[in-house]
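Here is the structure we will look at.
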Amino acid sequence: MFTYSKGLALLLATSISLITTAFLYLLDDTTLSILLVAVCISFSATFILVYVILEYLVFKEIRNLYSGIDKINRKEFKSYTEEIIQGSKSPLKQLNQEIFSYAVRKQQEIDELRKLEAFRREFIADVSHELKTPIFAAQGFVLTLLDGAVEDEEVRYKFLKKAAKSLDGLSLLVQDLLVLSQLESGDITMKPDVFDIFELTKDVFEQLEDKAAKKEITLRFKSPQQQSVFVNADPTRITQVMTNLVMNGIKYGNEGGYVAVDFREEENRILIAVEDNGIGIAKEHLKRIFDRFYRVEKSRSKKQGGTGLGLAIVKHIVEKHQSKIMVTSMPEQGSVFSFKLDKGVPDQL
Ligand SMILES: Nc1ncnc2c1ncn2[C@@H]1O[C@H](COP(=O)(O)OP(=O)(O)OP(=O)(O)O)[C@@H](O)[C@H]1O
Ligand SMILES: [Mg+2]
């Protein structure tokens, strides 16, 4: 580019100085020295002018454009933005800026589409993998029965029970998937109401009593004097949240352990904490446990019958209440899951 602008300036300077000299030569009283001075002045003036214009106003900006395109190709958007923000408002600089913002917009769209595509692929792989297990199990039991095991009354009953259990698991998985997709698409809206979360938690404890008793886990409130706590939230969805959290406390709790629920008032909101003294979660898993299908220890969770959708549903519901689910946990010591809800004022009847 440098030699190109020099060559062009040289060509233009030579032609203009020749034209000027030829014109002066036609005049009667022009001496040789005047002609020489005219040649020198017109040549150097034109050369400098053309060279400066081409080099600093045109080619420099074109070079910037190329380096910009190069940076866009290498996705170095940040350094490039800083460079053009400092620049003046010349038409070429503006063109440069236009190209850049167009490239950034397109790149963002491409990144978003790539992310969605990866998400879709991963989701389909996860769902088919999770569906496969109970379907194959039920299919296996039914086929064994058809192959002759149906004649034996004891085996028939046992296999039918196992097939039914697999289908129950399948039905739970499909229900969870449906709820999750409805929450993500916004089809489920929260129906807030003022209710007593202390009473709601007592109902959840009652529902899960048998499961807790099997592992000799105590379900209790942190404060023995706990009384009514009113919140303004969707009671059906919060039941789902509490059931999931308490159920996890039981599933991942140690024999003879506890799950304790605590309520605390904080600036017009109620902090709800579900604590257990179970197996806990290692730091590297904490960020991912709210992802769909994520299980810390696949084999252990599988034995517990989990699909890894529980906490993903909890996270969505809590976020729909303008809150955030938080977790602190220590392996072998236990976990605390907490979130906040708006305080409710009960109707005075
Ligand atoms: N209280 C807890 N203590 C220890 N680990 C936990 C606890 N809660 C959740 N986890 C870990 O986080 C993972 C994800 O939990 P999540 O509730 O989403 O799935 P799940 O319990 O395996 O299945 P689901 O709830 O769908 O039946 C679990 O598999 C478990 O490894
Ligand atoms: Mg769970």
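So which residues in segment 326-339 are within 13 Å of ligand 2 (Cβ to nearest atom) and either modelled with pLDDT under 95 or open to solvent by less than 20 Å² (accessible area, probe 1.4 Å) (or both)? Don't jump to the end; show me each part of the working.
Pass one, segment 326-339, residues within 13 Å of ligand 2 (Cβ to nearest atom): 327, 335, 337.
335, 337, listed by residue number.
Sort through 108, 175 and tell me the only one that's within 23 Å of residue 312 (Cβ to Cβ) and not small (Gly, Ala, Ser).
On the way: 108 fails: within 23 Å of residue 312 (Cβ to Cβ).
That would be 175, the only listed residue that is within 23 Å of residue 312 (Cβ to Cβ) and not small (Gly, Ala, Ser).
Under 8 Å by Cβ, and 6 or more places apart or on different chains, what pairs join a residue from segment 195-223 that is free of Cβ contacts under 8 Å to residues at least 40 places away in the same chain and open to solvent by 20 Å² or more (accessible area, probe 1.4 Å) with one that is in a loop (DSSP other than H, G, I, E, B) and of a type in the set (S, T, N, Q)?
Filtered contacts from segment 195-223: 199/228.
Take the conditions open to solvent by less than 90 Å² (accessible area, probe 1.4 Å), within 21 Å of residue 315 (Cβ to Cβ) and under 26 Å from the mean Cα position of the chain (by Cα) and apply them to residue 247. Does it pass? Working first, answer last.
Values: open to solvent by less than 90 Å² (accessible area, probe 1.4 Å): yes; within 21 Å of residue 315 (Cβ to Cβ): yes; under 26 Å from the mean Cα position of the chain (by Cα): no.
Taking the combined requirement at face value, the residue does not satisfy it.
Could you grab the pairs with beta carbons closer than 7 Å, sequence gap of 6+ or different chains, first residue in segment 124-142 and within 17 Å of residue 309 (Cβ to Cβ), second one open to solvent by less than 60 Å² (accessible area, probe 1.4 Å) and β-branched (Val, Ile, Thr)?
130/307
Looking for something open to solvent by less than 70 Å² (accessible area, probe 1.4 Å), in contact (Cβ under 8 Å) with a residue 60 or more places away in the chain and either of a type outside the set (Ser, Thr, Tyr) or touching an Asp or Glu at 6+ places or on another chain (Cβ under 8 Å) (or both) - is there at least one such residue anywhere in segment 162-174?
Scanning segment 162-174, I find at least one residue that is open to solvent by less than 70 Å² (accessible area, probe 1.4 Å), in contact (Cβ under 8 Å) with a residue 60 or more places away in the chain and either of a type outside the set (Ser, Thr, Tyr) or touching an Asp or Glu at 6+ places or on another chain (Cβ under 8 Å) (or both), so the answer is yes.
All but one of (1) away from ligand 2 (no atom under 12 Å from the Cβ); (2) over 30 Å from residue 224 (Cβ atoms) hold for residue 294; which doesn't?
The failed condition is (1).
Checking residue 298 against (1) more than 16 Å from residue 325 (Cβ to Cβ); (2) modelled with pLDDT of 95 or more, which single condition isn't satisfied?
It is condition (2) that residue 298 fails.
Test each condition in (1) away from ligand 1 (no atom under 15 Å from the Cβ); (2) closer than 16 Å to residue 339 by Cα; (3) assigned to a helix (DSSP H, G or I) for residue 243 and report the one that comes out false.
(1)
When you check residue 187 against the structure, is it not in a helix (DSSP H, G or I) and not basic (Lys, Arg), yes or no? Please lay out each step first, then the result.
Working: not in a helix (DSSP H, G or I): yes; not basic (Lys, Arg): yes.
It is true that residue 187 is not in a helix (DSSP H, G or I) and not basic (Lys, Arg).
Considering segment 301-322 alone, what residues qualify as being away from ligand 2 (no atom under 11 Å from the Cβ) and at pLDDT below 90?
Kept after step one, since they are away from ligand 2 (no atom under 11 Å from the Cβ), are these residues of segment 301-322: 302-303, 315-322.
Once the filter is applied, which keeps residues that are away from ligand 2 (no atom under 11 Å from the Cβ) and at pLDDT below 90, segment 301-322 yields 302, 303.
If you go through segment 266-281, how many residues are modelled with pLDDT of 95 or more and not in a loop (DSSP other than H, G, I, E, B)?
8
Considering every residue within segment 40-53, establish whether at least one is over 32 Å from the mean Cα position of the chain (by Cα), at pLDDT below 85 and of a type in the set (S, T, N, Q).
no
Go over the candidates 284, 255, 267 one by one and state the one that is more than 15 Å from ligand 1 (Cβ to nearest atom) and surrounded by fewer than 19 Cβ atoms within 10 Å (Cβ to Cβ).
Values: 284 fails: more than 15 Å from ligand 1 (Cβ to nearest atom); 255 fails: more than 15 Å from ligand 1 (Cβ to nearest atom).
Exactly one of 284, 255, 267 is more than 15 Å from ligand 1 (Cβ to nearest atom) and surrounded by fewer than 19 Cβ atoms within 10 Å (Cβ to Cβ), namely 267.
The values are calculated or read from the model by the stated rules, or taken from the named source; none is laboratory data. Quick caveat: nothing in here was measured; it's all calculated off a predicted structure. Reconstructed Cβ throughout: ideal geometry from the backbone, glycine too, with neighbour counts over all protein chains shown. SASA here: full protein model, heavy atoms, side chains in, ligands and nucleic acids out. Shrake-Rupley method; radii C 1.70, N 1.55, O 1.52, S 1.80 Å.
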